[in-house]
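A short worksheet on the structure shown next.
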Amino acid sequence: MKIKKDELKDHIVKAYSLLKECRLCPRNCGVNRLKEQKGICMVGKKPIVSSYGLHFGEERVLVDFKGSGTVFFGGCPLRCVYCQNYSISQLLTGKEVSNPQLAKIFLSIQRQGALNLNLVTPTHVVPMILEALYLIYDDFHLPVVYNTGGYDALDTLLLLDGIIDIYMPDVKYGDNKKAFKYSLCPDYFDVAKIAIKEMHRQVGDLVVENGIARKGLLIRHLVLPNGLADSIKVLNFIKDEVSTSAHVNIMDQYHPAYKAKEYPELSRNVTLSEFEEVVMYAQEIGLPRVN
């Protein structure tokens, strides 16, 4: 973390003020989460931790041979009908923890030898994360990864400046109508574009040293069947509005999970040709790829 401890304390106060009429994420639910009122994310004033520990299924630049220290948070601002982690994001599998307990989890990950602290779906629990980091400010030294669905409010991201080392957002759609149909987000692409540009302003392009990501922006994009993610629009946005050197992980692991079978257009895996078309386009426009 680059931020000083006193500054971090100020950020915590501001972050908690966003919970009173919750506007931590762009949903702006307006509920008082400090009084355990719950909005779209279904989480109150305590974070839900589903699991934590060394994870080797992330991008190679985050894992190497040590592993990424992931913390999976329950709840989510998105409502993706095909969510592959729906038991965590939608069904809230996990346990509520206090901020001191969360701080101990972070230290446990550090003791396990992880390359980084990987916060998975952290958007709706940012104040709690900040307080946990404050509690261990002098003892915690891992790079912090913000692993998000890309639907992040600018005001919340500004409170993370100097704290997050690696932003790893998804850009799920290049079309708001499809985002509304499949993730219940009518403004997803508009919001994601602002968020991604702010993330890049804070940390810049991805810096990789000896095969390990140290700092920067690493964008993920999941190819959906039948072109439903509008992948070409997503890649053009990244190249034209973020950076011609922005690193992108184009992913092919879509499979019809959760409620996807209710949507015929989502009820099959991505074909090799669909995936290769997106990869080839990224190569044509010169975007660096990671996997």
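Relative to the longest principal axis of the C-alpha atoms of the chain, give the angle of the C-alpha long axis of helix 5-20, reported between 0 and 90° and rounded to the nearest 10°.
So the helix axis and the longest Cα principal axis differ by about 70 degrees.
For a quick check: with amide H placed at 1.01 Å from N, whose amide H comes under 5 Å from Arg27's, ignoring anything fewer than 5 positions away on the same chain?
none
Which one of Tyr188, Pro288, Val234 has its Cα pushed farthest toward the positive end of the charge dipole of the chain, where Lys and Arg give +1 and Asp and Glu give -1 at the Cβ?
It is Tyr188.
Set the Förster radius R0 to 41 Å, insert the Cβ-Cβ distance between Glu209 and Ser98 as r into 1/(1 + (r/R0)^6), and round the FRET efficiency to 0.05. Please report the intermediate quantities before stating the final value.
On the way: r = 36 Å, r/R0 = 0.88.
After rounding, the FRET efficiency stands at 0.70.
Compute the helix-to-body angle for 126-135: its Cα long axis versus the longest principal axis of the chain, expressed 0 to 90° and rounded to tens.
50 degrees
Can you list the equivalent-ellipsoid semi-axes of the chain, largest first and in whole Å, using the square root of 5 times each Cα gyration tensor eigenvalue? Before the final figure, lay out the partial values.
Details: eigenvalues 161, 100, 65 Å².
For the chain, the semi-axes come out at 28, 22, 18 Å.
Work out from phi, with θ = phi - 60° and the Karplus expression 6.51 cos²θ - 1.76 cosθ + 1.60, the ³J(HN,Hα) of each residue of the range 42-47, listed in order in whole Hz, and give x for Gly and Pro.
Computed from phi, the couplings for the range 42-47 are 6, 10, x, 8, 10, x Hz.
If amide hydrogens are placed 1.01 Å from N in the peptide plane, which non-local residues have theirs closer than 5 Å to the one on Asn85?
Amide H neighbours of Asn85, under 5 Å, 5+ apart: none.
Met251's amide H: which non-local residues (gap 5+, or another chain) put their own amide H closer than 5 Å, with H modeled 1.01 Å from N in plane and none for Pro or chain starts?
Those lying under 5 Å, H to H, from Met251 are His221, Leu222, Val223.
In debye, nearest 20: dipole of the chain around its Cα centre with unit charges on the Cβ of K, R (+) and D, E (-)? Each step should come with its number before you reach the end.
Values: 35 positive and 33 negative charges, 182 e Å.
Roughly 880 debye, rounded to the nearest 20.
Quote the FRET efficiency, to the nearest 0.05, computed for Asp138 versus Asp187 with a Förster distance R0 of 51 Å and r equal to the Cβ-Cβ distance. Could the numbers behind the result be given before it?
Working: r = 40 Å, r/R0 = 0.79.
Once rounded, the FRET efficiency stands at 0.80.
So what J values fall out for the range 177-183 if you push phi through Karplus, 6.51 cos²θ - 1.76 cosθ + 1.60 with θ = phi - 60°, rounded to Hz, Gly and Pro as x?
5, 5, 4, 5, 5, 9, 9
Each residue of the range 139-149 in turn: what ³J(HN,Hα) in whole Hz from Karplus with 6.51, -1.76, 1.60 and θ = phi - 60°, glycine and Pro shown as x?
For the range 139-149, the Karplus-derived couplings read 10, 10, 9, 6, x, 9, 9, 9, 9, 10, x Hz, x marking Gly and Pro.
Across the chain, where is the longest run that never hits trypsin sites (Lys or Arg not before Pro) in a DSSP loop with at most 11 other C-beta atoms within 10 Å? Can you show the working numbers first?
Numbers: sites that count: Lys2, Lys4.
Between exposed loop sites, the widest span is 5-291.
Can you give the helix-only mean residue ellipticity at 222 nm for the chain, where every DSSP H stretch with n ≥ 4 adds -39500 (n - 2.57) and the sum goes over all residues, rounded to the nearest 500 deg cm²/dmol?
Numbers: 10 runs with 96 residues, N = 291.
That comes out to -9500 deg cm²/dmol.
Which residues make up the longest stretch of the chain clear of chymotrypsin sites (Phe, Trp or Tyr not before Pro) that lie in a DSSP loop with no more than 13 other Cβ atoms within 10 Å, not counting the sites? Don't jump to the answer; show the numbers that get you there.
Values: sites that count: Phe56, Phe65.
So the longest stretch without any such site is 66-291.
Where both partners of a DSSP beta bridge lie in the range 5-284, what percent of those bridges are antiparallel, to the nearest 5?
Values: 11 of 32 bridges.
Just about 35 percent of them are antiparallel.
Values in this text are rule-based calculations from the coordinates and carry no lab data. Everything quoted here is computed from the prediction, not taken from an experiment. Using ideal geometry, Cβ is built from the backbone for each residue, glycine included, and neighbour counts are taken over all protein chains shown.
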